[in-house]
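Inspection log for the structure reproduced underneath, given as structure tokens.
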Amino acid sequence: MLVELAAANAAFAVIKEAISNSGELMSAGKALVDWFDAKSSLQKKVEEKPYDQRSDLEEFFALEQLKRQQEELKQLMIYQGRPGLWDDWLLFQAQAKRKRDDAAKQARIAQLQLEAQKKADRDAILTIIGVLGGILTACALIWFTFHVITNKGI
């Protein structure tokens with residue numbers, strides 16, 4: 001969690017530096033995406049962490065810091081950016097989240113399909129081994145019967 005927070009803080013510092021140097025928010029495009037990714041990653045880690053392994057206070061302050069940064073970013077977009085930039089940013093965030101969720105879903109589906117294929121392959125191999133074992137057993141029984149008949153004269 002600290003890694004994500006540090007990444008968000010670093011990206012936010014780049015955003016503020018770019019704006020102070022150029023006066024344009026657009027010059028910090030990559031840093032904006034990096035900040036958004038770090039924020040999303042941190043929120044996801046907090047949500048996925050088992051409750052007994054959480055540090056509620058640490059998580060609260062990390063998320064609170066992100067909220068402050070987001071509010072400051074909102075102000076920068078409203079006053080330094082073009083009209084409607086904040087709304088477009090929110091739309092971009094929603095679309096990026098959907099894309100990440102879809103990619104994660106597709107990866108999970110691919111993983112399940114691979115596991116199913118491996119199970120089918122394993123079952124096919126076990127079936128072949130079973131059939132070959134049955135054939136070898138039958139051949140051994142036929143040979144044994146033939147051997148008993150020819151040697152004992154039954």
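The values are calculated or read from the model by the stated rules, or taken from the named source; none is laboratory data. All figures in this text were calculated on a predicted structure; none of them were measured in a lab. Positions of Cβ are backbone-derived with ideal geometry, glycine not excepted, and every protein chain shown enters the neighbour counts.
Given the options L141, L91, name the one that is under 25 Å from N9 (Cα atoms) and in a helix (DSSP H, G or I).
None of the other options fit; the residue is L91.
It is to be established whether one or more residues within the range 103-112 are of a type in the set (V, I, T), under 17 Å from the mean Cα position of the chain (by Cα) and surrounded by 12 or more Cβ atoms within 10 Å (Cβ to Cβ).
Within the range 103-112 (the criterion being of a type in the set (V, I, T), under 17 Å from the mean Cα position of the chain (by Cα) and surrounded by 12 or more Cβ atoms within 10 Å (Cβ to Cβ)), the answer is no, since none of the residues qualifies.
Scan the range 67-90 and give yes if some residue there is touching a Phe, Trp or Tyr at 6+ places or on another chain (Cβ under 6 Å), under 30 Å from K39 (Cα atoms) and modelled with pLDDT of 85 or more, otherwise no.
Yes, that holds for at least one residue.
Select from the range 93-142 the residues that are over 19 Å from Q43 (Cβ atoms) and of a type in the set (G, A, S) and list them in ascending order.
Initial filter on the range 93-142 (over 19 Å from Q43 (Cβ atoms)): 106-142.
Within the range 93-142, A107, A110, A116, A120, A124, G130, G133, G134, A138, A140 meet the criteria.
Which condition number does Y51 fail, the rest of (1) closer than 25 Å to A104 by Cβ; (2) surrounded by 17 or more Cβ atoms within 10 Å (Cβ to Cβ); (3) of a type outside the set (D, E); (4) at pLDDT below 80 being met?
(2)
Given the criterion touching a residue at least 40 places away in the same chain (Cβ under 8 Å) and either in a helix (DSSP H, G or I) or touching a Pro at 6+ places or on another chain (Cβ under 7 Å) (or both), identify the matching residue among A103, A8, A18, A31.
Step by step, each of A103, A8, A18, A31 is checked, and only A8 is touching a residue at least 40 places away in the same chain (Cβ under 8 Å) and either in a helix (DSSP H, G or I) or touching a Pro at 6+ places or on another chain (Cβ under 7 Å) (or both).
Does I78 qualify as being of a type in the set (V, I, T), assigned to a helix (DSSP H, G or I), in contact with a helix residue (DSSP H, G or I) (Cβ under 9 Å, 6 or more places away or on another chain) and under 30 Å from L42 (Cβ atoms)?
Working: of a type in the set (V, I, T): yes; assigned to a helix (DSSP H, G or I): yes; in contact with a helix residue (DSSP H, G or I) (Cβ under 9 Å, 6 or more places away or on another chain): yes; under 30 Å from L42 (Cβ atoms): yes.
So I78 fits the description; yes.
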